[in-house]
Amino acid sequence: MKILDGKLAAASVKQILKAEVDILLQNNQRKPHLAAILIGNNGASETYVASKVKNCEEVGFESSLIRFENNITEEQLLSKITELNNDNTVDGILVQLPLPKHISEAKVIEAISPAKDVDGFHPVSVGKLVQGLQTFIPATPYGIMLMLEHFNIETKGKHAVVIGRSNIVGRPMSILLSSNHPQGNSTVTLCHSHTPNLQEICLQADIIVAALGKPGFVKAEMVKDGAVIIDVGITRVEDATAKKGFRIKGDVDFDEVAPKSSAITPVPGGVGLMTIAGLLKNTLQAYKNNSVN
Ligand code: NAD
């Protein structure tokens, strides 16, 4: 069994990005610039955004963290997005989800210029993804594809089972794995909360991508020998022995499933780190597409 170490794979992506930025700077060009909007003070969102900003610095990008209180109006947020859309020195815009209930997620996502949509959530980006056109791929599925590439995991002709159909993970993942791509060409089954015979389907899987947000859900009896297991889940579970009072758990029961698998991602230290690698790659691409450098 091989551990698919996100730290290793992400470091290799970041090393290449850093080398590209070094060349830009040597040629007196400006740095790629990611603007991140964070609303309120949700602990997990704070951690994710802080990590995105830190990683931007590591590869030599500029980043702006724009913070708003929970009571910001939808209009104020949309107006900030328009301002960033019109700012030629900003290449990528991300609005950390979830948003406060009084703000429409769909409206906010649609307000971001598709040219700066480095999260890949805009309907234009999703439409292009479905059609196999060049676009920004949502960061988590993109990160998983980069991980499969890094560790030379064969996907062609395999049966991949994706558990979870969200717009940010499961659905785009199913599209990518089924597309005509070096890390695609799988036969994909997309499962969700209304799938009755999940265990039976999972037992036929060569690759399982678990993205349902239920800690420890995938058990040994759901996995065939030698399967590749990609665990996307990140749930904070209480743990009095941990410094912060919680620890992070994935959607896979790692201790049970790892010995049966041929390769498995750990949580933490797996897909989460690759998500940031995907976001950074999208940001550099947005910079390259931006003519004002
Ligand atoms: P979501 O809540 O939007 O979607 C969950 C999906 O799982 C739904 O489509 C639902 O139908 C399905 N589901 C729920 N219970 C199920 C069951 N019993 N059987 C089969 N399907 C079931 O979640 P999301 O935003 O896609 O996130 C999923 C998990 O991945 C969460 O733990 C989240 O924190 C994590 N996540 C991790 C990263 C990362 O970078 N590693 C990024 C995004 C999300």
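Some observations on this one:
- Of all accessible heavy-atom area on the chain, the percent that carbon and sulfur account for (1.4 Å): 51
- Placing +1 on the Cβ of every Lys and Arg and -1 on the Cβ of every Asp and Glu, with no other charges, gives the chain a dipole of roughly 160 debye about its Cα centre.
- You can think of it this way: the chain between D255 and D239 has 4.0 nm of extra reach, that is 0.36 nm per residue less the Cα-Cα gap.
- Charge dipole magnitude, Cβ of K and R +1, D and E -1 - the stretch 29-114, Cα centre, debye nearest 20: 120
- In the full protein context, the stretch 29-114 carries 48 Å² of accessible surface per residue, based on a 1.4 Å probe and ignoring ligands, DNA and RNA.
- The calculated FRET efficiency for E62 paired with D225, based on their beta-carbon distance and R0 = 51 Å, is about 0.60.
- Candidates V188, L129, N152 compared by Cα position along the dipole of the stretch 118-257: farthest toward the positive end lies L129, with charges placed on Cβ.
- Within the straight-line cut-off of under 21 Å between alpha carbons, the lysines reachable from K260 are K2, K158, K214, K219, K224, K249, sequence neighbours fewer than 8 places apart in one chain being disregarded.
- Estimated purely from DSSP H runs of n ≥ 4, each contributing -39500 (n - 2.57), the mean residue ellipticity at 222 nm for the chain is -12000 deg cm²/dmol once divided by its residues.
- Kirkwood radius for the chain, taken over all pairs of different Cα atoms as the inverse mean of 1/r, rounds to 19.7 Å.
- The relative contact order of the stretch 29-114, computed from alpha carbon pairs under 8 Å that lie at least 6 residues apart in sequence, is 41 percent.
- Charge dipole magnitude, Cβ of K and R +1, D and E -1 - the stretch 90-222, Cα centre, debye nearest 20: 220
- Mean Cα-pair separation over length for the chain, i.e. relative contact order, pairs under 8 Å, 6 or more apart, %: 22
- A run of the chain free of exposed loop cleavage sites, with trypsin sites (Lys or Arg not before Pro) counted only in DSSP states other than H, G, I, E and B and at most 16 other beta carbons within 10 Å, reaches its longest extent at 31-100.
The values are calculated or read from the model by the stated rules, or taken from the named source; none is laboratory data. All of these numbers come straight from a predicted model, not from anything done at the bench. With ideal geometry, Cβ positions are generated from the backbone for all residues, glycine too; neighbour counts draw on all protein chains shown. Areas reflect the complete protein model, heavy atoms only, side chains present, ligands, DNA and RNA absent. Shrake-Rupley method; radii C 1.70, N 1.55, O 1.52, S 1.80 Å.
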